[in-house]
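These notes are about the structure you will find just below.
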Amino acid sequence: MKDTFYAYIQKLQHTITSKLEEVDGTAKFREDIWERAEGGGGHSRVIENGSVFEKGGVNISAVHGALPESMQHYFGVKDADFFACGLSLVIHPKNPMVPTVHANWRYFEMYDKEGSIVDQWFGGGQDLTPYYLFDEDAVHFHSVCKQACDKNNPLFYQEYKKRCDTYFWNAHRDEARGVGGLFFDYCKATEEIKMQDWYNFVTEVGNSFLEAYIPIVLKRKELRYTDKQREWQEIRRGRYVEFNLVHDKGTLFGLKTNGRIESILMSLPPHVQWRYDHHPEAGSEEERLLKVLQNPKEWV
């Protein structure tokens, strides 16, 4: 399973970066190949200063070795070894009318000292973070997510949409990071669902990513915007940074397992603002976005 999934994310990385380069039309992804001293490594691809994408990363990694003590406490195990691989991406467009997007698809195995698998699971998801809310964009994104789920289980969309709203919640701000999407974790084999079934589901979601995001980019990338709207984008990016550094489990896992710091923090946007006690004008589009983020909606 680990070899099959790693081959899948290698191909998916190429598919996604090729399409993003085509849409941008100017910038190309830079690739860094890195190794982890304790075992494994990855391929990081980063795009910067493009015509459409101000910064973005589409990274894959496969790391293995002894599970660090801090993570053993987290998982409630002792003297375990692990293997983890995944693709993680974050795209920050230049135009504030185009939303930021994040996605991640991953696989994890844990072993005893004899090398036997004692646990294995899939996780991942994809979510949208607009700065100016076009309802039809959120509906499109969620509709594609639902279609991917429905091909596997008609109950998955509602369950994983709700988990996404719960997970990507900036508790210290009492608001969502964005308009959500899907989030799933610890997808393990049961009597009803085999690991192959989970693989089929996760790859279906991964394959849906470009369909979910690219039409939105193409629709919004040429829209005019003001300096004030760009300023709002940078203020909202600050909330994105807060979530990734305060709450995100993926960031914590990367830091605890001695991952490559540049790859872990590639999700951070290049231009961000933090305004003291900032509040948007009453009745504005900025305030409308905040009200939705404070009360997540059912989009489809």
Limited to region 211-241, what total is found for residues that are surrounded by fewer than 17 Cβ atoms within 10 Å (Cβ to Cβ) and either in a loop (DSSP other than H, G, I, E, B) or in contact (Cβ under 8 Å) with a residue 60 or more places away in the chain (or both)? 10
Just checking, which of 299, 274 is of a type outside the set (Ser, Thr, Tyr), part of a loop (DSSP other than H, G, I, E, B) and open to solvent by 70 Å² or more (accessible area, probe 1.4 Å)? 274
Scan region 110-134 for residues that are more than 18 Å from residue 201 (Cβ to Cβ), open to solvent by 10 Å² or more (accessible area, probe 1.4 Å) and in contact with a strand residue (DSSP E or B) (Cβ under 6 Å, 6 or more places away or on another chain) and jot them down. 111, 112, 117, 118, 119
Set 90, 101, 144: member being aliphatic (A, V, I, L, M) and either more than 27 Å from residue 49 (Cβ to Cβ) or without any contact (Cβ under 8 Å) to a residue 60 or more places away in the chain (or both): 144
Subset of region 1-47 that is of a type in the set (Asp, Glu) and exposed (fewer than 15 other Cβ atoms within 10 Å of the Cβ) - its residue that is farthest from residue 196 (Cα to Cα): 22
Identify all residues within region 252-300 that are in contact with a strand residue (DSSP E or B) (Cβ under 8 Å, 6 or more places away or on another chain), under 25 Å from residue 42 (Cβ atoms) and either without any contact (Cβ under 8 Å) to a residue 60 or more places away in the chain or of a type in the set (S, T, N, Q) (or both); write none if there are none. 257, 263, 267
Which residues, counting only those in region 148-177, are touching a Ser or Thr at 6+ places or on another chain (Cβ under 7 Å) and over 25 Å from residue 243 (Cα atoms)? 148
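The values are calculated or read from the model by the stated rules, or taken from the named source; none is laboratory data. In this text the structure is predicted, and so the values were computed from the model without any measurement. Don't worry about glycine lacking a Cβ; one is built from the backbone with ideal geometry, like all the others, and counts go over all protein chains shown. Note: accessible area is taken over every heavy atom of the protein model, side chains too, but ligands, DNA and RNA are not part of it. Shrake-Rupley method; radii C 1.70, N 1.55, O 1.52, S 1.80 Å.
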